[in-house]
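The values are calculated or read from the model by the stated rules, or taken from the named source; none is laboratory data. Computed from a prediction, not measured in an experiment: that's the story for all the values here. Note that we place each Cβ from the backbone using ideal geometry, even for glycine, and neighbour counts take in every protein chain shown.
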Amino acid sequence: GENVEQHPSTLSVQEGDSAVIKCTYSDSASNYFPWYKQELGKGPQLIIDIRSNVGEKKDQRIAVTLNKTAKHFSLHITETQPEDSAVYFCAGGVGTGTYKYIFGTGTRLKVLA
Amino acid sequence: DTAVSQTPKYLVTQMGNDKSIKCEQNLGHDTMYWYKQDSKKFLKIMFSYNNKELIINETVPNRFSPKSPDKAHLNLHINSLELGDSAVYFCASSHGGPNNSPLHFGNGTRLTVT
């Protein structure tokens with residue numbers, strides 16, 4: 001079945017620096033890749049997503065890149081701020097006929113002021 | 001206006017008891033889910049319902065029984081609670097599957113079994 005691996009498990013960066021979180025997936029049928037941010041005591045919230053027909057997507061300080069051949073996708077956060085500190089999850093989804101989103105193991109990002 | 005709401009937020013109970021968690025979404029979505037998040041933050045799908053019909057049951061013990069009375073509600077009943085059931089349970093909803101829309105999560109129910 002589908003498996004999504006995520007690295008690193010923890011990441012500390014200085015405020016203003018960039019942070020990169022990487023994921024790999026196993027099911028070549030996966031065609032949808034969302035990223036979620038989970039703050040303490042809350043549910044995961046979608047921050048950006050990408051579909052398999054696109055190689056890169058950007059939303060202000062957040063960008064996601066997808067390499068379908070290598071089955072890799074990455075989250076890039078630039079100019080990090082203390083409020084970016086949270087746990088980030090990648091996920092892979094297989095569309096049409098299934099309703100399964102498989103999540104990565106999470107990355108705890110700490111932005112140091 | 002909470003999009004996906006679950007109750008209770010906290011649930012502390014003893015081993016062997018039976019408990020329920022309720023979930024409601026006001027997004028008009030047709031698919032709802034239960035996810036379990038353990039102490040290491042791993043998010044694992046348990047169940048998925050589409051239009052009140054069970055779509056996914058991920059080898060969850062049959063002590064766990066979901067019920068979807070209508071598209072906007074998905075409840076989770078747990079019988080004979082065990083210590084290992086302690087976790088945060090998240091309800092989520094989406095419009096169709098991954099082809100259509102992302103998941104929207106509730107804020108979780110922290111279950112502690114003593």
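For this structure, a couple of remarks:
- Flag for A:Lys57 being surrounded by fewer than 21 Cβ atoms within 10 Å (Cβ to Cβ), without any contact (Cβ under 8 Å) to a residue 12 or more places away in the chain, closer than 30 Å to B:Asp30 by Cβ and not hydroxyl-bearing (Ser, Thr, Tyr): yes
- Residue match in the stretch A:92-102 (condition: within 9 Å of chain B (Cβ to nearest Cβ) and more than 20 Å from B:Pro102 (Cα to Cα)): no
- Just so you know, in the stretch B:1-34 the residues that are at pLDDT below 95 and hydroxyl-bearing (Ser, Thr, Tyr) include one that is surrounded by the fewest Cβ atoms within 10 Å (Cβ to Cβ), and it is B:Thr2.
- Scanning the stretch A:5-38 for residues that are small (Gly, Ala, Ser), more than 14 Å from chain B (Cβ to nearest Cβ) and under 23 Å from B:Pro102 (Cα atoms) yields a total of 2.
- Going through (1) within 13 Å of another protein chain (Cβ to nearest Cβ); (2) on the phi > 0 side of the Ramachandran plot; (3) in contact with an Asp or Glu (Cβ under 9 Å, 6 or more places away or on another chain) one by one, B:Gly16 falls short only on (1).
- Within the stretch B:60-114, the set of residues being assigned to a loop (DSSP other than H, G, I, E, B), under 30 Å from A:Asn31 (Cα atoms) and in contact (Cβ under 8 Å) with a residue 24 or more places away in the chain comprises B:Lys71, B:Ala72, B:His95, B:Gly96, B:Gly97, B:Ser101, B:Leu103, B:Gly106, B:Asn107, B:Gly108.
- Yes/no for B:Lys44 being under 13 Å from the mean Cα position of the chain (by Cα) and closer than 19 Å to B:Pro8 by Cβ: no
- Scan the stretch A:4-56 for residues that are in a loop (DSSP other than H, G, I, E, B) and either in contact with a helix residue (DSSP H, G or I) (Cβ under 7 Å, 6 or more places away or on another chain) or farther than 19 Å from A:Val87 by Cα (or both) and the total you get is 11.
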